[in-house]
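*Asks:* First, the structure itself, so that you have it in front of you.
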Amino acid sequence: MVLLALVGLLLSPLSAAQEPMAEPIYVYQRINVLVADHDNRMSLRVWADGTVEMRFPPYTPQAGHYRWTASAQERAELDAFFAAAGRHDPGLLETARAARGDAELVLVADADLVRFEQRGAGRARHALMIEAPDAWSRALPESTELAALAQTEGALLEWMRTRVIRAIR
């Protein structure tokens with residue numbers, strides 16, 4: 001009898017409270033390639049229901065894991081950040097380097113990796129993985145697209161840090 005009850009529980013569909021969260025609609029990560037550890041990334045994930053999750057590694061001043069439900073204003077701000085990032089082609093860096101031509105070799109050593117991803121909620125999936133746009137925009141100042149992406153990422157990082165300061169208070 002107990003065995004049948006356990007089998008019934010295992011085979012029953014999950015309730016809404018038990019269902020695993022769907023994939024996030026927005027993902028941002030900055031991966032510090034100079035940290036030889038699995039804990040080398042800052043991240044932001046946003047789900048369609050407004051849940052926001054941020055994580056800062058232990059070596060940053062904001063170290064920790066933060067989770068909350070975004071306000072309507074926060075959602076609008078996040079939508080704007082990811083819309084701005086989504087306007088950039090995944091080949092942006094290669095295009096900017098090719099535009100420089102063969103006249104000058106430009107190299108940014110040990111650049112962090114930056115990832116923006118948008119998916120779900122009726123949107124086409126867009127993924128952008130690029131070496132640190134802030135470093136490359138300084139190395140290739142003629143690329144207005146790299147500068148715009150660096151500005152978007154900088155503003156998003158500032159937004160994230162501001163939320164940590166509010167959470168601590």
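*Asks:* Rounded, prolate or oblate for segment 52-97? Axes are the square roots of the Cα gyration tensor eigenvalues, ordered a ≥ b ≥ c, and the cut-off for rounded is a/c under 1.5.
*Replies:* On the way: a/c = 4.11, a/b = 1.41, b/c = 2.92.
In terms of gyration-tensor shape, oblate.
*Asks:* Report ³J(HN,Hα) in whole Hz for each residue of segment 31-36, in order, from the Karplus equation J = 6.51 cos²θ - 1.76 cosθ + 1.60 where θ = phi - 60°; Gly and Pro get x.
*Replies:* Taking θ as phi minus 60°, the curve returns 9, 7, 6, 7, 9, 8 Hz for segment 31-36.
*Asks:* Just want to confirm a number: the relative contact order over segment 114-169, from Cα pairs under 8 angstrom separated by 6+ residues, in percent.
*Replies:* 22
*Asks:* Among 40-51, 64-75, 84-95, how do they line up by average Cβ neighbours within 10 Å per residue, starting with the highest?
*Replies:* Final packing ranking: 40-51, 84-95, 64-75.
Bear in mind that the values in this text are calculations on the coordinates, not laboratory data. Since this is a predicted model, take the numbers as computed values, not measurements. Ideal geometry is used to build each Cβ from the backbone, glycine not excepted, and the neighbour counts take in all protein chains shown.
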